[in-house]
Amino acid sequence: MSQVRSVQEGKRARLLKRLGLSRAVVNVILGVVAVFWLVPTISLLVISLRPESQFGTSGWWSVFTAPSQLTWGNYTTIFSQGFAAGGVLDSLVTSLEITMPVTLLVALISSLAAYSLVFGAWRGRDGIFLVIVGLMVVPLQVALIPVVQFYRELGNIFGLNPYGTIPGVIIFHVAFGLPFGIFLMRNFLTGIPRDLLEAGRIEGAGEWKIFYQIVLPLALPAIASLAIFQFIWVWNDLLVALVFLGGNVHTPLTIFLYDQTRSLAANYWIISTGAVVSIFVPLIVFFSFQRYFVRGVLAGAVK
Amino acid sequence: MTAIATGSTKGPPAKVSRHHGWWRRNGVSLVFLAPGVLWLAAIVVYPTIATVRFSLYDETATKFVGLHNYASVFSTSEILTAFKNNIIWVLVFPFFVTFIGLMVAVLTERIRWATAFKAIIVMPIVFSTTASALVWRTIFDLDPHIGVVNAIEQTVSDWFRTPGAYPLNPSTGETAASLATFNVTTGSGGSLVSHATVHPGDAVMMGLTRISAVTLQTLGAKFPVAPTKMAGAITGLVWNDFSTSQPNNTSTIVSGEQGLPNLRVSLLSSTGASVGSTVTDTSGDFSFSHVAPGSYHVAIESSNFQSSFVGTFWLGSQSLTPVSGLDQTAQSLLSVPLIDLAMIISYIWIWAGFAMVLIGAGLAALNREVLEAAEIDGANEWQLLRKVTIPMLAPVLTVVFVTMVINVLKVFDIILNMAPGSSQGPATTLALTIYNDGFTGGVHSGLASAVAVILFLLVVPAMMWNLKKIKG
């Protein structure tokens, strides 16, 4: 094995030598690309660590020569404001209140539907699956106006109008998360041998028990991919929240940032600090579950 | 798990009892499917159909107007601009993001720190477009103290042309002539020349106004001293001939006025040739000694007024294509606003990682034997990439490309957050029009719905392509 490898490496080295594009050149090119890709993130972090008064007087890059200007001041201000409505931390909580239920609901409902589509014995399953795949690319803009109306009618009939409430946002997000969720879960579940289910049936387990005791544990990697993908998708949404929650007292971080930039006296200290808080959560998710995230990206290529 | 697995080999295969009905057999399965299907029907399928219906009604959704809204779509300049911008996005973005993703994916296979590199490139995908747009908005800021792009432009620009001590601001229409006040007239090439002819032994006074107080303070300007005459020399003073206490007094020095330091002045002979040059001191005085007899003029050189760096307004709507002289509709259809370029660069930063991951997975799955055969046949690296790798990667490259086309047809967040108010209109896209017409200001649900239906129709080919791929 290692011999084959070294032969291959030898070939590759010879090839590279012939071409002149040496390993060093590739390293330099990719090094430059990496620096270019890091600059925006670093600049955001640095701006959030400088006082507002410095923002327009010297570039953030002046920290490289004068690092003493860095301060936690902006962060202590945000934390001292606590969870008061309209603050960064309040928006952080609102973002979580929207994102967590959506993620759980999409994972659960998609798994159930995919289980049904894969292991059910009724005809027409493939047809339904194809329709669901078709729905994956439907732009959510197409549904916004009627859903707002639909919510209002729910209010007129049942006295419960989800428009302008967090459940209203959640309902919409779940719907547009399902096609991809069902697609991903179905593709994974088709790889589970049916014998395992039959065995469960023989031991007298009902469908529900088979689902959550046999299939769900096996499907955990796929569920993890789906959940991470869905979490990041919803966490970063601006449009749906703007339509269903715009003008609310409690708004998710994306709306918080959008409102801040639109206000006449744009306060860069709070925009940059809020943006760092907003990217912090998905970054943790990303670095903890990078493998699953990449798998989700690969599976979701059609979204 | 093991117990169940062995159980399956021992026990007889499960029988579906014949005496149970269809519902009995499939009921649970349908109950499992129901939440998903009902949810999709209520919030995706039904509203999509309802949007088609809305698009045939007027702005308050009460009166049927047929295809009138669709006609309006193509006569509303805001929506035509949106179409134009979507076309720019579709033509430019998917190609570049796929190309960069491919290059990076191919090169990444050769470095030891590939994992770290990939993480750096992929990271922006998990950021919200809102946050990314705000970051890039500062990167492209006009002020070189805020925007790193303009800071770099300024550094490069200053290498080639040094701004003068008294830079003019051309954007406000300032010229050297507008500073001339006393005994000064315009000379050649943006310089100023003394009005009076001077001879050796003379002292000349030249007054300028509209000099910024900040500039004077920075240069350390002092109270002007009237020049003393010297035999065989031409002496003089250039001063800021304006004081708030006596605003109308020109030609004499009064309190509150300052000399103009650091001005480069030269002595012009009667033929107009420069015979010497010097720089004024902090009181604004200068002198040329040992001047040959004759008549001269004193010139204040144009380099003193060389304007300072004016940044590129990356977030502005000035067009990259010539559109002056065209009517408004033609302009909205043919202009390529600079901000589109800035936003596309930012969007590539966000999405290149996605392209890289997909193409990287495609590369890993390539048949290495074909590559090696081509290598043995003497193909060089570029040929290998063009003739073997890219054709073999064609399916995955198509997936990336199509996904990015669908993505930018719906592009929204980056425009709303990156374009300043003045550029929102010129940078608008279909998705932004739907939001603006449907949910802000003067709501027009019929028009917004018509645009939404068109957006939907634009993604239908991609939908068909997806379905074909899945059916095999």
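The values are calculated or read from the model by the stated rules, or taken from the named source; none is laboratory data. Remember, predicted model here, so these are calculated numbers, not experimental data. Quick reminder, even Gly has a Cβ in these numbers, built from the backbone with ideal geometry, and neighbours come from all protein chains shown.
Residue under question is residue A:16, and the condition is that it be out of contact with any helix residue (DSSP H, G or I) (no Cβ under 6 Å at 6 or more places or on another chain), surrounded by 16 or more Cβ atoms within 10 Å (Cβ to Cβ), at pLDDT 90 or above and farther than 30 Å from residue A:170 by Cα; does it hold? Against the criterion (out of contact with any helix residue (DSSP H, G or I) (no Cβ under 6 Å at 6 or more places or on another chain), surrounded by 16 or more Cβ atoms within 10 Å (Cβ to Cβ), at pLDDT 90 or above and farther than 30 Å from residue A:170 by Cα), residue A:16 does not qualify.
Selection of the stretch B:437-472 for residues being surrounded by fewer than 21 Cβ atoms within 10 Å (Cβ to Cβ) and more than 26 Å from residue A:180 (Cα to Cα) yields B:439, B:440, B:441, B:442, B:443, B:444.
Please go through the stretch A:107-132 and give me each residue that is over 18 Å from residue A:194 (Cα atoms) and free of Cβ contacts under 8 Å to residues at least 60 places away in the same chain, ordered by number.
A:108, A:124, A:127, A:128, A:129, A:130, A:131, A:132
Annotation: residue A:198 fulfils all but one of (1) more than 18 Å from residue B:416 (Cα to Cα); (2) more than 7 Å from every other protein chain (Cβ to nearest Cβ); the unmet one is (2).
Across the stretch A:139-149, the number of residues qualifying as closer than 17 Å to residue A:178 by Cβ and either free of Cβ contacts under 8 Å to residues at least 12 places away in the same chain or not assigned by TED's automatic domain parsing to the domain that holds residue A:237 (or both) comes to 2.
Considering only residues that are without any contact (Cβ under 8 Å) to a residue 24 or more places away in the chain and buried (at least 16 other Cβ atoms within 10 Å of the Cβ), which ones fall in the stretch A:203-245? Correct list: A:205, A:207, A:210, A:214, A:238, A:242. In this structure, residue B:320 does satisfy being among the aliphatic types (A, V, I, L, M) and in contact with a Leu (Cβ under 7 Å, 6 or more places away or on another chain).
Among the candidates B:47, B:35, B:94, which residue alone is free of Cβ contacts under 8 Å to residues at least 60 places away in the same chain and under 30 Å from residue B:427 (Cα atoms)?
B:47
In the stretch B:416-434 there is no residue that is modelled with pLDDT under 90 and among the hydrophobic types (A, V, I, L, M, F, W, C). Counting only residues that are more than 7 Å from chain B (Cβ to nearest Cβ) and either surrounded by fewer than 21 Cβ atoms within 10 Å (Cβ to Cβ) or within 20 Å of residue B:60 (Cβ to Cβ) (or both), the stretch A:137-149 holds 2 of them.
Residues that are modelled with pLDDT of 90 or more, more than 17 Å from residue A:90 (Cβ to Cβ) and either touching a helix residue (DSSP H, G or I) at 6+ places or on another chain (Cβ under 7 Å) or more than 9 Å from chain B (Cβ to nearest Cβ) (or both): does the stretch A:247-268 have at least one? No, because not a single residue in the stretch A:247-268 is modelled with pLDDT of 90 or more, more than 17 Å from residue A:90 (Cβ to Cβ) and either touching a helix residue (DSSP H, G or I) at 6+ places or on another chain (Cβ under 7 Å) or more than 9 Å from chain B (Cβ to nearest Cβ) (or both). Just the residues that are at the interface with chain B (Cβ under 8 Å from one of its Cβ atoms) and within 13 Å of residue A:184 (Cα to Cα), please, taken from the stretch A:113-129. Selection gives A:113, A:115, A:117.
Among the residues making up the stretch B:417-451, a single one is within 7 Å of chain A (Cβ to nearest Cβ) and under 15 Å from the mean Cα position of the chain (by Cα): B:417.
Looking at this structure, is residue A:297 within 7 Å of chain B (Cβ to nearest Cβ) and over 22 Å from residue B:125 (Cα atoms)? Working first, answer last.
Working: within 7 Å of chain B (Cβ to nearest Cβ): yes; over 22 Å from residue B:125 (Cα atoms): no.
Judged against the criteria, residue A:297 is not a match.
Of all residues in the stretch A:82-101, exactly one satisfies the criterion of being surrounded by 14 or more Cβ atoms within 10 Å (Cβ to Cβ), out of contact with any Phe, Trp or Tyr (no Cβ under 9 Å at 6 or more places or on another chain) and either among the acidic types (Asp, Glu) or not assigned by TED's automatic domain parsing to the domain that holds residue A:224 (or both), namely A:97.
Filtering the stretch B:291-327 to residues that are under 26 Å from residue B:199 (Cβ atoms), outside any helix (DSSP H, G or I) and of a type in the set (Ser, Thr, Tyr) leaves B:295, B:296.
Looking for something within 30 Å of residue B:217 (Cβ to Cβ), touching a His at 6+ places or on another chain (Cβ under 8 Å) and among the polar types (S, T, N, Q) - is there at least one such residue anywhere in the stretch B:167-181?
Scanning the stretch B:167-181 turns up no residue that is within 30 Å of residue B:217 (Cβ to Cβ), touching a His at 6+ places or on another chain (Cβ under 8 Å) and among the polar types (S, T, N, Q).
Yes or no: the stretch B:386-396 includes at least one residue that is more than 10 Å from chain A (Cβ to nearest Cβ) and closer than 24 Å to residue A:134 by Cα. Yes, the stretch B:386-396 contains a residue that is more than 10 Å from chain A (Cβ to nearest Cβ) and closer than 24 Å to residue A:134 by Cα. In the set A:161, A:156, which member is in a loop (DSSP other than H, G, I, E, B) and over 14 Å from residue A:241 (Cβ atoms)? The unique qualifying residue is A:161. Can we say residue B:370 is among the β-branched types (Val, Ile, Thr) and surrounded by 15 or more Cβ atoms within 10 Å (Cβ to Cβ)? Here the answer is no, as residue B:370 does not meet what is asked. Looking at residue B:360, is it among the small types (Gly, Ala, Ser) and under 27 Å from residue B:459 (Cα atoms)? It is true that residue B:360 is among the small types (Gly, Ala, Ser) and under 27 Å from residue B:459 (Cα atoms). Only one of the numbered conditions (1) more than 10 Å from chain B (Cβ to nearest Cβ); (2) assigned to a loop (DSSP other than H, G, I, E, B) is not met by residue A:216, and that is (2).
Looking for something under 23 Å from residue A:279 (Cβ atoms), in a helix (DSSP H, G or I), more than 9 Å from every other protein chain (Cβ to nearest Cβ) and of a type outside the set (Asp, Glu) - is there at least one such residue anywhere in the stretch A:171-179?
yes
Checking every residue in the stretch B:213-223 against the condition of being among the small types (Gly, Ala, Ser), assigned to a loop (DSSP other than H, G, I, E, B) and touching a strand residue (DSSP E or B) at 6+ places or on another chain (Cβ under 7 Å) gives at least one match.
Taken over the stretch A:46-79, the criterion of being more than 10 Å from chain B (Cβ to nearest Cβ), part of a helix (DSSP H, G or I), within 21 Å of residue B:143 (Cβ to Cβ) and not hydroxyl-bearing (Ser, Thr, Tyr) is satisfied by A:46, A:52, A:63, A:64, A:69, A:74. Screening B:193, B:148 for residues that are within 14 Å of another protein chain (Cβ to nearest Cβ) and either touching a Ser or Thr at 6+ places or on another chain (Cβ under 8 Å) or of a type outside the set (A, V, I, L, M, F, W, C) (or both) leaves exactly one candidate, B:148.
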